[in-house]
Amino acid sequence: MPIIYHITSSESWASQKASCHFTDPSLEKEGFIHSSHRNQILDVANRIFGSRTDLVILCIDSDLLEPEVKEEDSYGHGVYPHIFGPINVSAVTEVVTLPPGKGGHFTLPHELPD
């Protein structure tokens, strides 16, 4: 599991990226934080954040990640990685803007790294 995808608002990322660690408590309250599946990220973006236009996907190298990572069951939606603790910014390898496409649904502007 080398890459973990994390969806968040661009404001949250911009306000914290200058620090050593990134936390996103508002997303924690939404009940979804991380995924190892690109399609799951799009599904969550469209279901939970469908009205938002300022989302980004953080591509995180799990080998560089300092917090503990555990695989968890997402209540019938498959197993996904859960990062326990703030994300060290040095593990973020790419930040992808996630604009809404036609009909207001999010689409990937390019392929995410595997």
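Against the numbered list (1) polar (S, T, N, Q); (2) at pLDDT 70 or above; (3) assigned to a loop (DSSP other than H, G, I, E, B), THR97 comes up short only at (3). Going through the stretch 36-50 one residue at a time, which ones are under 21 Å from GLY104 (Cα atoms) and in contact (Cβ under 8 Å) with a residue 24 or more places away in the chain? Matches in the stretch 36-50: ARG38, GLN40, ILE41, LEU42, VAL44, ALA45, ASN46, PHE49, GLY50. Residue pairs whose Cβ atoms lie under 6 Å apart, sitting 6 or more positions apart in sequence or on different chains, and linking a residue in the stretch 1-19 that is under 18 Å from VAL44 (Cα atoms) and modelled with pLDDT of 80 or more to a partner that is buried (at least 22 other Cβ atoms within 10 Å of the Cβ) and among the polar types (S, T, N, Q), are TYR5/SER35.
Among the residues of this structure, THR107 does not count as one that is at pLDDT 75 or above, surrounded by fewer than 18 Cβ atoms within 10 Å (Cβ to Cβ) and closer than 21 Å to PRO2 by Cα.
Applying a threshold of 8 Å to beta carbon distances and a minimum spacing of six or more residues, or different chains, the list of pairs starting in the stretch 80-98 at a residue that is in contact (Cβ under 8 Å) with a residue 40 or more places away in the chain and closer than 22 Å to ASN46 by Cα and ending at one that is surrounded by 15 or more Cβ atoms within 10 Å (Cβ to Cβ) and among the hydroxyl-bearing types (Ser, Thr, Tyr) reads TYR80/SER35; TYR80/SER36; PRO81/SER35; PRO81/SER36; PRO81/SER62; THR97/SER10.
The set of residues in the stretch 22-55 being closer than 17 Å to SER90 by Cβ and either modelled with pLDDT of 75 or more or touching a Gly at 6+ places or on another chain (Cβ under 7 Å) (or both) consists of PHE22 alone. Take VAL69 and decide whether it is touching a helix residue (DSSP H, G or I) at 6+ places or on another chain (Cβ under 7 Å) and either outside any loop (DSSP other than H, G, I, E, B) or modelled with pLDDT under 70 (or both). No.
The values are calculated or read from the model by the stated rules, or taken from the named source; none is laboratory data. All values derive from a computational prediction rather than experimental measurement. Virtual Cβ from ideal backbone geometry, glycine too; neighbours counted across all protein chains shown.
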